[in-house]
1. Let me have the relative contact order for the stretch 45-117, percent, based on Cα pairs under 8 Å that are six or more residues apart.
2. Would you work out the relative contact order for the stretch 168-211, in percent, from Cα pairs under 8 angstrom that are 6 or more residues apart?
3. If you place +1 on the Cβ of every Lys and Arg and -1 on the Cβ of every Asp and Glu, how big does the dipole about the Cα centre of the chain come out, in debye to the nearest 20?
4. Per residue, what volume in Å³ does the convex hull of the Cα atoms of the stretch 1-129 enclose?
5. Counting pairs of alpha carbon atoms under 8 Å apart in space and at least six apart in sequence, what relative contact order in percent does the chain give?
6. So how far apart, in nm, are the two label points at L64 and H169 if each is 7 Å from Cα heading toward Cβ?
7. Using a 7 Å offset from the Cα along the Cα-to-Cβ direction at both W204 and A192, what is the distance between the two label points in nm, to one decimal?
8. Could you point to the residue in A131, S106, L75 farthest towards the positive end of the stretch 1-146's charge dipole, with +1 and -1 charges on the Cβ of Lys/Arg and Asp/Glu respectively?
Amino acid sequence: MTLGVQLYTLRTEFERDVAGTLAALASLGLRHVELAGPYGLSATEFRAMLDDAGLSAVGTHVGLAALRDDLEATLADAHTLGCRFVVLPWISDEDHADGWAAFGRSLDAFGHAVHEAGMTFAYHNHAFELAEEGGRPGLETLFAASDPTVVQAELDVAWLHHAGHDPAHWVCGLAGRVPLVHLKDFTDDPQALDIEAGKGALDWDSVLDACAASNVEFGSVELEHPPQARRKT
């Protein structure tokens, strides 16, 4: 598994200095990143900064509105950035109001479009998808209803744990359909979840063993609320 970083972790720094923050990441020996927006830059401008820093964009997080309303331009930007993966990172309650099976089937169209553009589409989970619907977790229904050839999973191991599930079980259960994971840790304190990977409640030996057994390609390290962002708020 190749390691990288989800750039959402560094959003506070990016608001001040995009090129400098990318260069700082590269100075740590990192070579792969996952985007969560271009911070006001065009895809061409951001790609140039990535190239200057010696970084490559494994994937990009793209909202459902962009996929629904501006799919062609969204995929063109992802291609310009050099992404292999286009990831839907979050949806609202309204988006799955018709049930997880219907929502899962609706993802097929995006998956086919992304595939035709030469990339791979994936869905990234939080905890709310693990609430049961009809006796099983909504996330399970979503993946059962969608086409496995075009709808992949980016499993967030911290949110799986937070929902009371074993992340390793999910990674193995979706083996062959999990090219990406978020390597994120949480404490078991619901008021203070975020903590650096390896310092929280997750069993990292089992998670990493499952990733290896399931041939996960990329793992993105992330903190949703890193110390510098918490200080700002």
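The values are calculated or read from the model by the stated rules, or taken from the named source; none is laboratory data. It should be emphasised that the depicted structure is a prediction, and the values quoted were computed from it without experimental measurement. Glycine gets a Cβ as well: all are built from the backbone with ideal geometry, and neighbour counts include every protein chain shown. Side chains are part of the model used for accessible areas, which takes the heavy atoms of the whole protein and leaves out ligands, DNA and RNA. Shrake-Rupley method; radii C 1.70, N 1.55, O 1.52, S 1.80 Å.
1. Working: 54 pairs, mean separation 24.3, N = 73.
Computed over the stretch 45-117, the figure is 33 percent.
2. It rounds to 44 percent for the stretch 168-211.
3. That gives a dipole near 500 debye.
4. On the way: hull volume 15.6 nm³, N = 129.
Taking the convex hull of the Cα positions in the stretch 1-129, it is 121 Å³ per residue.
5. That works out to 20 percent.
6. Going by the 7 Å Cα→Cβ label model, 2.7 nm.
7. It works out to 2.0 nm between the two label points.
8. Most positive-ward Cα: L75.
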